[in-house]
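Student: Below is one structure. I have some questions about it.
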Amino acid sequence: MNKVFKQTVVAAVIILTSTVFINCDNTATIKKNEVATLGLVDNLDHSVKEEITARKPVVFITGYDKGNETFYNNARAYFKEQQFQIVEDKYSLEEVINWLNKNEEENPYGEIHIVNKSNPYKGMTLETTIKGEKVTAESLRRNITKGTLPTLNESVNENSKIIFHANGLGENTELMNTFKDAFCADELPNVIASPYFSIFDGEFTKHYLAKPHYVFYPTANSPGKTDLSKEIAKKYPGEKDIDWFEALNNEEERFVGEAYTTQFTIPVKFVLDYHNSDEEVPNFENQEEVMDFIEQELYLEIEKLEIPLEKFRWMYVVKNSKLTITGKTTGLVVLKPLIKPYGELQHIAPDTNNKRLYAMN
């Protein structure tokens, strides 16, 4: 009877310890086919691990400049000077991963740089899949769930860095975590981005970081630099070193650390079809009525922008049963370069190991 009982216990232990836990999160544990024994087990790894030499850094230029823009050209020139490998014409995450898989070698990459012009309000211009949605936390998660993104092969290991040069991305914790899942591999790489703006080809250094400060107004209806400087000063009361009026009138860094301003526009569009609706197509008398309608009917959509309704210039058109509402806001971003707080006046080097400068997942 005792013999039968002992055999039953051992069988149960073996079954319980054969459970498999698999997850892309590097905090997860993997236990597979472990056998329970009554003796002491030596779990120490006595083997000597061979040091792995990382491959030369690679840089993906994921867009192209339009008009007077120079962001991508400046980044390309900077990384060429560093003698990094440059990969052009990859405008989606799908293409980036496919390229890494196709060019896989025995040694993993140490650094993979992804250059993408963006800001926290306009988002990334990087596509998820070829000609697919632009990358957001939601669109990227959707493509991961559907399996439309390729899986990253053995071109990386736990020491590899995937570094995004995309302005303000480091503050978007949800998207950073989703990128971590998108680059899931047997050994998880480190995904790195800065909450600051990444500036290339500056007047005094070829690459530096700058802290952004935003103010908005309805496109073509600016209240003037004086009123805007008062508004942005009220928005950022802790910034005592910036002369806001002067910064809003300054388009470049004239001396090391001087604040200056760039601008961008954000268009929005809502199309509502009343063809199968019992409601009549609304008619508006003025901007206030349009904004009231948006606030009541489209609140969740406009809330995502995190910009007040009154900062947009609104227009609408009714054609047959369709109501089209368009809005446009102009954003001014005052950039304050990060400089060393001591010694000679100079920019802080964009060190990706510095957690004060870069978020790491």
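Student: Quick one: is K230 under 30 Å from D351 (Cβ atoms), not polar (S, T, N, Q) and not in a loop (DSSP other than H, G, I, E, B)?
Tutor: no
Student: Further question on the same structure: L272 passes all but one of (1) in contact with a strand residue (DSSP E or B) (Cβ under 7 Å, 6 or more places away or on another chain); (2) closer than 24 Å to F200 by Cα; which number fails?
Tutor: Every condition holds for L272 apart from (2).
Student: OK, next. Considering every residue within segment 76-94, establish whether at least one is modelled with pLDDT under 95 and aliphatic (A, V, I, L, M).
Tutor: no
Student: If you don't mind, there's one more thing I want to ask. Hey, any hits in segment 91-109 for a residue that's surrounded by 15 or more Cβ atoms within 10 Å (Cβ to Cβ), under 24 Å from T262 (Cβ atoms) and not small (G, A, S)?
Tutor: Yes; the residues of segment 91-109 include at least one that is surrounded by 15 or more Cβ atoms within 10 Å (Cβ to Cβ), under 24 Å from T262 (Cβ atoms) and not small (G, A, S).
Student: Hey, another quick one. For segment 259-361, please list each of the strands (runs of 3 or more DSSP E) lying entirely inside it that holds at least 1 residues being touching a helix residue (DSSP H, G or I) at 6+ places or on another chain (Cβ under 8 Å) and within 25 Å of I242 (Cβ to Cβ).
Tutor: Hits in segment 259-361: 260-273, 322-337.
Student: Let me ask something additional. If I ask for residues that are loosely packed, with under 15 Cβ neighbours inside 10 Å and not hydrophobic (A, V, I, L, M, F, W, C), which ones from segment 263-281 would you list?
Tutor: Of everything in segment 263-281, those that are loosely packed, with under 15 Cβ neighbours inside 10 Å and not hydrophobic (A, V, I, L, M, F, W, C) turn out to be Q263, T265, P267, K269, D273, H275, N276, S277, D278, E279, E280.
Student: Quick check: anything in segment 204-224 over 30 Å from Y78 (Cα atoms) and either assigned by TED's automatic domain parsing to the domain that holds H165 or free of Cβ contacts under 8 Å to residues at least 24 places away in the same chain (or both)?
Tutor: Yes, because at least one residue in segment 204-224 is over 30 Å from Y78 (Cα atoms) and either assigned by TED's automatic domain parsing to the domain that holds H165 or free of Cβ contacts under 8 Å to residues at least 24 places away in the same chain (or both).
Student: Another question, if that's okay. Scanning for something touching a His at 6+ places or on another chain (Cβ under 7 Å), at negative phi and modelled with pLDDT of 95 or more, does segment 138-161 turn up at least one residue?
Tutor: Looking for residues that are touching a His at 6+ places or on another chain (Cβ under 7 Å), at negative phi and modelled with pLDDT of 95 or more, one finds none in segment 138-161, hence no.
Student: Shifting gears a bit: Working carefully through the options V256, V215, find the one that is part of a loop (DSSP other than H, G, I, E, B), under 30 Å from Y358 (Cβ atoms), aliphatic (A, V, I, L, M) and touching a Leu at 6+ places or on another chain (Cβ under 9 Å).
Tutor: Unique residue meeting the criteria: V256.
The values are calculated or read from the model by the stated rules, or taken from the named source; none is laboratory data. Remember, it's a predicted structure, so these values are computed and weren't measured experimentally. Note that we place each Cβ from the backbone using ideal geometry, even for glycine, and neighbour counts take in every protein chain shown.
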